[in-house]
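The structure under discussion appears below in the form of structure tokens.
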Amino acid sequence: MLGEWRIGILYNGDHIRGSPFSCNVYDANLVQVYGLDVGLVGQELKFSVNASQAGEGFVKVSF
């Protein structure tokens, strides 16, 4: 389900400090990636990421 979520974290039955936490949930399926056809070790690889329809936030790419 998309939208604002509240996440409660309990320790020994009690909420930890700051809990419940709020976060926004978006649809990652709306992120589009282009140009990842073939990658070779040791060679530069360029690709594009379009997250304009996936909601607000930052895109992080890890290898």
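Some points to look at:
- For first residues located in the stretch 32-44 and free of Cβ contacts under 8 Å to residues at least 12 places away in the same chain and closer than 26 Å to Ala54 by Cβ, partners that are among the β-branched types (Val, Ile, Thr) and surrounded by 10 or more Cβ atoms within 10 Å (Cβ to Cβ) and lie 6+ apart or on another chain with Cβ distances below 7 Å do not occur.
- Output for the stretch 40-52, where each listed residue is at pLDDT below 90 and either surrounded by 11 or more Cβ atoms within 10 Å (Cβ to Cβ) or within 18 Å of Leu2 (Cα to Cα) (or both): Leu45
- When residues of the stretch 10-33 are limited to those that are within 19 Å of Ser62 (Cα to Cα) and loosely packed, with under 10 Cβ neighbours inside 10 Å, the one modelled with the highest pLDDT: Asn29
- Tallying residues that are part of a loop (DSSP other than H, G, I, E, B) and under 20 Å from the mean Cα position of the chain (by Cα) within the stretch 36-50 yields 2.
The values are calculated or read from the model by the stated rules, or taken from the named source; none is laboratory data. Values in this document were obtained by computation on a predicted structure and should not be read as measured data. A quick note on method: Cβ atoms are made from the backbone with ideal geometry, for glycine too, and the neighbour counts reach across all protein chains shown.
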